[in-house]
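Working notes, beginning with the structure itself.
The values are calculated or read from the model by the stated rules, or taken from the named source; none is laboratory data. This one's a predicted model, so the numbers in the text were calculated from it and none came from an experiment. Glycine also receives a Cβ, built like all others from the backbone with ideal geometry; neighbour counts cover every protein chain displayed.
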Amino acid sequence: MLAGGGMLTTVAIWWRAWRAEEQGSQIAEFAIALPMLVMVMVAVFDFSGAFNLKQRLAGSAAATARLGAEQAVSDLSGAAPASVTALRDFAAQSLTAAGVNDCGLGTAAANLTGFRKWTFTGSSCAATLVVERQYNYAVVAGGVTVNVQATRVTLSYPYQWRLGRVVLLVAPAATFVGPTTLNETSVVPNLS
């Protein structure tokens, strides 16, 4: 034993050195783990936001298709029939009511892109609405094939991921996909 408590002094110095090393490693571990934790947290919020938007698009597409199925198909000649522009207006209002920016779909011009198929493109983003008033599909029931005429509505909407900005903070040389287009289609048999 050292005179004057040398042994205690040596233990105290050793203890302080060990604690300093321990704290240094904890800071290093935290510095490595924090960006990963932030990425996971942002990813959870981002994917839930995309899922929420997809559900809202599905509701708007289904409601618009139901409305289209209830309308007569007698006015479907021309570039922009009244029944089709009414569906465009309803889809834009449905999106707005669901808390989604309609991107100018409510004022978009109709483009006849196929047989009784109209496409509307938003002016402020890449949102599109496709309305097919006489969409045909086959149903087999009891060995008999029946052609069904329906209204098919497809809503496409861009979703901008926030995760990309976080990835670039963690790995500046990384590339991340830009907006993803979410698509929802609804088909309802025509009633008339």
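Computed quantities for the displayed model
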quantity: Tally of residues being in contact (Cβ under 8 Å) with a residue 40 or more places away in the chain and either more than 24 Å from residue 69 (Cβ to Cβ) or part of a loop (DSSP other than H, G, I, E, B) (or both) across the stretch 116-134; calculated: 2
quantity: Positions within the stretch 172-186 being surrounded by 12 or more Cβ atoms within 10 Å (Cβ to Cβ) and over 11 Å from residue 159 (Cα atoms), in sequence order; calculated: 176, 184, 185, 186
quantity: Residue match in the stretch 110-122 (condition: within 19 Å of residue 188 (Cα to Cα), among the hydrophobic types (A, V, I, L, M, F, W, C), surrounded by 15 or more Cβ atoms within 10 Å (Cβ to Cβ) and modelled with pLDDT of 95 or more); calculated: no
quantity: Residues within the stretch 172-192 that are in a loop (DSSP other than H, G, I, E, B) and either small (Gly, Ala, Ser) or within 30 Å of residue 66 (Cβ to Cβ) (or both), tallied; calculated: 7
quantity: Total residues in the stretch 51-80, condition at pLDDT below 95 and either in contact with a strand residue (DSSP E or B) (Cβ under 8 Å, 6 or more places away or on another chain) or among the polar types (S, T, N, Q) (or both); calculated: 9
quantity: Condition check for residue 157: touching a residue at least 40 places away in the same chain (Cβ under 8 Å), under 21 Å from residue 62 (Cβ atoms) and touching a Cys at 6+ places or on another chain (Cβ under 9 Å); calculated: yes
quantity: Filter result for residue 88 (among the basic types (Lys, Arg) and within 17 Å of the chain's Cα centre (by Cα)); calculated: no
quantity: Hey, residue 133 charged (D, E, K, R), buried (at least 16 other Cβ atoms within 10 Å of the Cβ), closer than 26 Å to residue 80 by Cα and modelled with pLDDT of 95 or more or not; calculated: no
quantity: Scope the stretch 153-171; condition among the basic types (Lys, Arg) and either crowded, with 17+ Cβ neighbours inside 10 Å or part of a strand (DSSP E or B) (or both); matching residues; calculated: none
